Each structure stands twice: as C-alpha cells, then as structure tokens.
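Input: a single structure, listed below in structure tokens.
What follows is calculated from the coordinates using simple rules that are stated; it is not laboratory data. Predicted, not measured: the structure shown is a model, and the values here were computed from it. As a convention, Cβ positions derive from the backbone with ideal geometry for all residues, glycine included, and neighbour counts pool all protein chains shown.
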There are 2 protein chains.
Amino acid sequence: MIDKNLLNALAGTMQPSGKKTVKQERIIESAIILFAEKGYSNTSTAEIAKMAEVAEGTIFKHYGTKENLLLSLLVPFLRDFLPVMADELMDDLMTQETSFQGFLKNLLKNRSEFFLENREVFQIFIKELIYKENLKNELLPYIIENGSSRLTKVIENFQKRGELVNKPAEFILKTLGTVISGFFISRFVLLNRQSISDEEIDEIIFLIVNGIGQ
Amino acid sequence: MIDKNLLNALAGTMQPSGKKTVKQERIIESAIILFAEKGYSNTSTAEIAKMAEVAEGTIFKHYGTKENLLLSLLVPFLRDFLPVMADELMDDLMTQETSFQGFLKNLLKNRSEFFLENREVFQIFIKELIYKENLKNELLPYIIENGSSRLTKVIENFQKRGELVNKPAEFILKTLGTVISGFFISRFVLLNRQSISDEEIDEIIFLIVNGIGQ
DNA sequence: AAAGAAAGTGAGTAACCACTCAATTTATAA
DNA sequence: TTATAAATTGAGTGGTTACTCACTTTCTTT
C-alpha cells in the first residue's frame, strides 16, 4: 500500500536513478508496458520476469515488492509532472507577452507532449489513482494546491488585462481543471490515443475562450 | 472476457430480471458495493459470498462465472443508460420551447440524477471500460453513434435559431462530449463525489455557452 | 402428502499468486 | 590472481483464487 506521504515517496527509499543494471531497466520497461496494458493487479510478477527475460527473483532483489516496483516507475513520472505543472507555466507567460489564448496553447501543447512521451505511465497513474483512495487523498490535494497557487496569479494577470471573464479565480481554476483534465484523460486513458492533433487542441481552446453559444 | 457484441449481451444469456431470489439480489448488491470500492479484480468471490451471507457455490449456481456476475450488474445499467441518452433528450427539447441553456440544464440535471442513483455501477463501468479493450471497442462506438445521430438534429435546430455557434455539428458534438463526460467522470469516478450541486452544473453550462474569455 | 425441480451448501481442487532463499554467476578491487 | 561484493538464478512456499460437485434444503405442482 502506498501510504507514505508524497515527499517521502519522492525522496525516500528509492535508490538513486543513475545506478541501474541492464536487467533492472528491462524490468521497469516491461512492467510499464504490462501495467499500462492490463492493469497493475492483472499483471503477475512472473509475466514481467518473462517479458524482461529475467528470473522472477531478480525483480524482488531490486524492488522488494510488486507495489514498490509500481512506485519505482511512477515516481520519476510524478517528479517531472508535479513541478512542471507549475514552473514551466511561469516562463511561458511571464517572459513572453502572450495572449490568454497563446498561453493556453503553450500549456496544452507542452502537457500534450509530456503525456504523449509518458503515455503508458500516465495511464498507469490514472488507473491506480482511481482505485487507491489513499494515493488519491495524498496526491490530488497536492496537485490541486501546487497548480492553483501559481495559476491563480496568471489568471489574475489576464483578468487585469481584460482577457478573462471577471469571475472568481477559483471558478476559473476549477473550470480549467475540469476541461483540461477531462481532455487529457479521455484522449490518453479512455480512448488510448497515440497522438493529439493541433486541430483538436485548437478546438478546446476555442471552447474555453468562446464557448459554443452565440 | 466480454466479447459478445452489445446486443447479445443485452438480450442474451441473462435470465429475465423479474425472477430473482432474495439471495440472488443480495449477491448483486454486495458485488456492486465491493466492485465499486475495490475494483473487479481486487474483489474475490469469497468476499462477495461473505458480505451477501451466502455460500460461495450459490454465486456460481446463478451466475456461472465471476465475469458473468459483472455483466449481470452492468447490463441493467447500460440498458437504461444507452437509450435514455438519446430518447429522453427529444422530450426535453421538442415538447418545450427551451433555450439551448435550458436544454443543457435539463440534460445535465437528468444525467446527474441518473449517475447519482447508479453511482457505484457507473464507477464499475468506467473502471472496467478503461481496462477492457474489447468492451471499449464494442461500447464506445455504439454510445457515440447512438448519441450523435439524435443530438445532431437538436444541435442543428439550435443553430437555426441562432443560439449556437455556426460550426460543424461534429465539432459541437465532440466538444460537448469531452466536457460533459469529463465533468461526470471527474466528479463521480475520480473525486468520488456523493452529490453534484446546482451551482456546479451552472458553472459548466456557463463555460459551455460563454467560455471564460472576454 | 408425494415427487420432482430448483435453490442453496461448503469442503475440495488445480492453478496461480507474490515472495523467499540457498546456491551460482558476474563484476569490482587489491 | 584472488578475495569480496553485488547481481542473478529458479525451485520452493504458503496463501489465495475462481470454480466444481455431491449432497441437503426449500419450493412448486399435482
């Protein structure tokens, strides 16, 4: 069970990522493929060992438990996912004099590429998030807090410029969160898409900015 | 594995829903609670039997396999979910002279109530949909086809009245699908909400109709 | 009340599960 | 080269799983 808090999970027991054996890497790769395809609990360690062409014992020598193997492939993803969700935005906005629409496009293209590169791990993450109450309770508030605190400034900035509707930042955040998370989860997890076209990105941007009413 | 097509699954091997034993109903109820909470593959038939206060053999007498038990609780939900997604809309729109905004409100409140009533089965359905490629390949096109064909008329109607942006009905359908499915899945599956407030419904309607740009 | 059918039981089973461990191979360092 | 450490192996273990089946109980019909 994943019950240690996020910071512990990130900093903690994991060995430094540099010192990986060839077999260790094959184990991780195979686990990612199989977990994404069939789900964590429908994948046996025997299957992973077979695919990685490794003895089952090797998995447990390195990762101790199956749960810890899951954590070992989730943590690097989260370590990239969580901070970038807040930091890279700042650059995209503050350095350039982009419009809200341009800001949205940068954000969506950036996250689109990231999720595409990490498609399988993203799938594993969402699928596990749905089942594991404790993981949900640890991570969601963290993600929301982390994203909110910095995005709020961005939103208020655009409101001052008159590019955004004059409603509480909270409302705008919630709305953006619903639409954007819905967009990525439906595409990458539900529909299992291998790519996202620019047109599709333009389409939700149009919705977010203009709505579909007349 | 669920590989028969949808119509077979709906019409097929299932016994008529009327002739259920008390114990049969307790089995279904328990399975719904446990599958929703811990997921299908993390729930054992022994657990279900224990919760339903029934011998394990009884489950298999009636349902044959665990997979078929899953189907038996999913099918009534789908039988209600699929047609209503198309029929009830017609009434909400055609009989009343409602605005697009009113139409959306009716639609969202109606589906909100339905998903709330069937919260657990909806969760099970989405969770299984994510994993089972064949179920996804059978159902999603069916749902999309079924919803699209009738909603297209509604959309064109509102476009004629000048209440909707003048873009292809396909675009509007896709957009509505993304936002609405994202809304319900995030609330009922990811966040595990027990209710949806009217304000929240008004909020996405505002987004859908106006966007958040200025 | 008798008989047949249907519902319900629970101990038993083979397959599978995550995980262990003593033994072996390979890499590292002196 | 030799000693020590680290990586790898795979047969083995106890526990769990979905499912079976011979049997008993309850319902239905005449």
How large is the charge dipole for the range A:6-210, taken about the Cα centre, if only the Cβ atoms of Lys, Arg (+1) and Asp, Glu (-1) carry charge, to the nearest 20 debye?
-> 480
What is the local net charge at B:Phe171, summed over the other residues whose Cβ is closer than 12 Å to its Cβ (Lys, Arg +1; Asp, Glu -1)?
-> -3
Given the range A:6-210 reduced to its alpha-carbon atoms as identical point scatterers, what log10 I(q)/I(0) does the Debye formula return at q = 0.07 Å⁻¹?
-> -0.25
Highest to lowest packing among A:24-36, B:40-52, scored as the average C-beta count within 10 Å | A:24-36, B:40-52
So, in nm and shortest first, the distances from B:Glu156 to its counterparts in the other copies, with label points 7 Å along Cα→Cβ, work out as 4.9
Indicate the gyration tensor shape class of the range A:171-214 (rounded, prolate or oblate), computed on the Cα atoms with a ≥ b ≥ c the square roots of the eigenvalues: a/c under 1.5 is rounded; otherwise a/b larger than b/c is prolate and the rest oblate.
-> oblate
Kirkwood hydrodynamic radius over Cα pairs of the range A:101-214, then Stokes diffusion coefficient at 4 °C and 1.567 mPa s, in µm²/s = 84
Principal axis lengths of the protein assembly as shown from Cα atoms, whole Å, largest first?
-> 62, 60, 31
Based on the Cβ-Cβ distance from A:Glu156 to A:Ser99, what FRET efficiency comes out when R0 is 22 Å, to the nearest 0.05?
-> 0.90
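Where does chain B land at 222 nm, in deg cm²/dmol rounded to the nearest 500, when only DSSP H runs of n ≥ 4 count, each adding -39500 (n - 2.57), divided by all residues? List each step's numbers first, then the result.
Working: 10 runs with 155 residues, N = 214.
Result for chain B, helices only: -24000 deg cm²/dmol.
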Would you kindly derive the ³J(HN,Hα) couplings of the range A:133-147 from the backbone phi angles with the Karplus curve 6.51 cos²θ - 1.76 cosθ + 1.60 (θ = phi - 60°), listing them in order in whole Hz, with x for Gly and Pro?
-> 4, 5, 4, 4, 5, 7, 7, 4, x, 4, 4, 5, 4, 4, x
In sequence order, what are the phi-derived ³J(HN,Hα) couplings for the range A:185-195 according to the Karplus relation 6.51 cos²θ - 1.76 cosθ + 1.60 with θ = phi - 60°, rounded to whole Hz, with x for glycine and proline?
-> 5, 5, 6, 8, 9, 5, 8, 6, 5, 9, 7
Between B:Glu47 and A:Lys109, what FRET efficiency comes out of the Förster formula 1/(1 + (r/R0)^6) with R0 = 51 Å and r the beta carbon distance, rounded to 0.05?
-> 0.65
Relative contact order for the range B:118-214, counting Cα pairs under 8 Å that sit 6 or more residues apart, in percent = 26
What nm value, rounded to one decimal, do you get for the distance between A:Asn137 and A:Thr21 when each label is placed 7 Å out toward the C-beta?
-> 3.7
May I ask for the distance between the Cα centers of the range A:28-87 and the range B:42-68, given as a whole number of Å?
-> 31
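Please compute the average number of Cβ atoms from other chains found within 10 Å of each residue's Cβ in peptide B:199-209.
Details: counts 1, 2, 0, 0, 5, 4, 2, 6, 12, 5, 5.
Mean inter-chain Cβ contacts per residue within 10 Å come to 4.
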If you line up the Cα atoms of the range B:97-145 on their principal axes, what length do they span on each, largest first, in Å?
-> 41, 25, 10
Separation between Cα centres of the range A:138-184 and the range B:104-148, rounded to whole Å = 27
Determine the relative contact order of the range A:6-210: mean sequence separation of Cα pairs under 8 Å and six or more apart, normalised by residue count, in whole percent.
-> 23
Across B:38-44, the residue-averaged tally of Cβ atoms belonging to other chains within 10 Å stands at 4
Rounding to the nearest 20 debye, state how big the charge dipole of the protein assembly as shown is about its Cα centre with +1 on each Lys and Arg Cβ and -1 on each Asp and Glu Cβ.
-> 800
